[in-house]
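Worksheet: the structure to be examined is printed underneath.
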Amino acid sequence: MSGPAAGTADAATRTDVVCLGESMVTFLPSQPGRLADVPSFGRGIGGAESNVACALAAAGHRAAWVGRVGADGFGDHLVETIASYGVDTSAVRRDPARPTGIYFRTATDRGTDTHEVAYYRAGSAASAMSPSNVPYEELFAGRVLHLSGITAALSADCLALLRDLTAARPGRPLVSFDVNHRPRLWRDGEADASVLLELARRADLVFVGEDEAEEAWGIVGAEAIRAALPEPAVVVVKRGSAGATVFASGLRPGPRSFAAGGAGDAAGAGSVGAGGAGGADTVTLVPALRVDVVAAVGAGDAFAAGFLSATLRGLPVRERARHGHLMAAAVLTVPGDLTDPPARDHADRLAALDDEAWGRLRLGPGWTAADRAPEEVRTP
């Protein structure tokens, strides 16, 4: 069953988080340099929403990924690889007429002028997603539906789908939305900034980078970002090396932090997302970790996964953001977009450190496998 009339899940949902979006096969360079000069590439996978699903499943949660891939070998590779992390891929649809998207990138940091990305995703299977061909009963089967602004940029049909999924209706799960502003993906003449602001304001939990808010909306500073997003119950402003600022209204840590209902569902009253920003915010500033970065890709998706994981567990706001930083540090210290997160007890020990000990941490490659006391998880 597809479309707005689809049935919704009951309170005993079988999935914690459902992630919708495009995943692609990514080709990683064998050495630094221009794409024109790199002699060979290794194959991996990439996709903001599937990255979140994989990280959550690896952390022990019930996660599902919903998307469309081509009826081709790259589609096989994506579905098999994502499933290997423990993600439910049963709702993925195959498109016999459109290919699976792929892309190539250089080894340099995405934020530098020398970074190159070559996308081959125009007309991809995922770009054909629409309200008429995705399984709403699967999308609404979880406690959380995680979306990102990347999907809205893929096509007019994808944008229509996100608008429909973020519309308030009874039974809608809590909607988590990562702004993920990617101006190069938007079609000529489309107002990407206003669309992303619209979608973010319809969500319950929003992740947005301070830099992308300035680029997209001309808004500077965490407080101004919150003022532009008054409706979501929780707004997480990612501030790079400065850490994250979390604005939360009506947030009650504990097992009921994520009720089955979300915006538009009276059964979820009092849970995150049920009341928007109707009450006074609590504002929590959480410093980032010092990390010996191997590759600065995938960190934003990992942060979202860590924050969602801790929220699902009912941890306090500070620990939610710290788990986001820890999950991001796990990805930053490996070459690709995905890696196994630290063991839960290991991450919990680090997240519970006092502010002084947290500030002393420095994490390098291999830290997630360390089974040592928190004060020993440092590089020189």
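Considering region 11-44 alone, what residues qualify as being assigned to a strand (DSSP E or B) and within 17 Å of A91 (Cα to Cα)?
Within region 11-44, T15, D16, V17, V18, C19, L20, M24 qualify.
Taking the options G273, G278, G268, name whichever one is open to solvent by 30 Å² or more (accessible area, probe 1.4 Å) and modelled with pLDDT under 95.
Sole residue among the options that is open to solvent by 30 Å² or more (accessible area, probe 1.4 Å) and modelled with pLDDT under 95: G278.
Quick test for you: out of R202, R182, pick the one residue that is touching a residue at least 40 places away in the same chain (Cβ under 8 Å) and not hydrophobic (A, V, I, L, M, F, W, C).
R202 is the lone residue from the list that is touching a residue at least 40 places away in the same chain (Cβ under 8 Å) and not hydrophobic (A, V, I, L, M, F, W, C).
Which one is modelled with the lowest pLDDT, of the residues in region 101-133 that are open to solvent by 20 Å² or more (accessible area, probe 1.4 Å) and of a type in the set (A, V, I, L, M)?
A107
Any residue at all in region 134-153 that's of a type in the set (S, T, N, Q), in a loop (DSSP other than H, G, I, E, B) and either modelled with pLDDT under 95 or within 19 Å of the chain's Cα centre (by Cα) (or both)?
No: zero hits.
Can you tell me which residues in region 168-205 are surrounded by fewer than 16 Cβ atoms within 10 Å (Cβ to Cβ), at pLDDT below 95 and over 22 Å from Y120 (Cα atoms)?
A168, R169, P170, A191, S194, listed by residue number.
Here is a check on your reading of the model: is D95 at negative phi and open to solvent by 10 Å² or more (accessible area, probe 1.4 Å)?
Here the answer is no, as D95 does not meet what is asked.
All but one of (1) closer than 24 Å to S241 by Cα; (2) touching a helix residue (DSSP H, G or I) at 6+ places or on another chain (Cβ under 7 Å) hold for L205; state the number of the condition that does not hold.
It fails just one condition, (2).
If you take the residues of region 221-245 that are under 20 Å from D301 (Cα atoms) and not aliphatic (A, V, I, L, M), which of them is surrounded by the fewest Cβ atoms within 10 Å (Cβ to Cβ)?
S241
I want to confirm something. Restricting to region 349-362 and keeping residues that are in contact (Cβ under 8 Å) with a residue 24 or more places away in the chain and touching an Asp or Glu at 6+ places or on another chain (Cβ under 8 Å), which single residue is least open to solvent (accessible area, probe 1.4 Å)?
Among residues in region 349-362 that are in contact (Cβ under 8 Å) with a residue 24 or more places away in the chain and touching an Asp or Glu at 6+ places or on another chain (Cβ under 8 Å), the one least open to solvent (accessible area, probe 1.4 Å) is A351.
The values are calculated or read from the model by the stated rules, or taken from the named source; none is laboratory data. Nothing here was measured: the structure is a model prediction, and the numbers come from that model. Positions of Cβ are backbone-derived with ideal geometry, glycine not excepted, and every protein chain shown enters the neighbour counts. The area values use the complete protein model at the heavy-atom level, side chains included, leaving out ligands, DNA and RNA. Shrake-Rupley method; radii C 1.70, N 1.55, O 1.52, S 1.80 Å.
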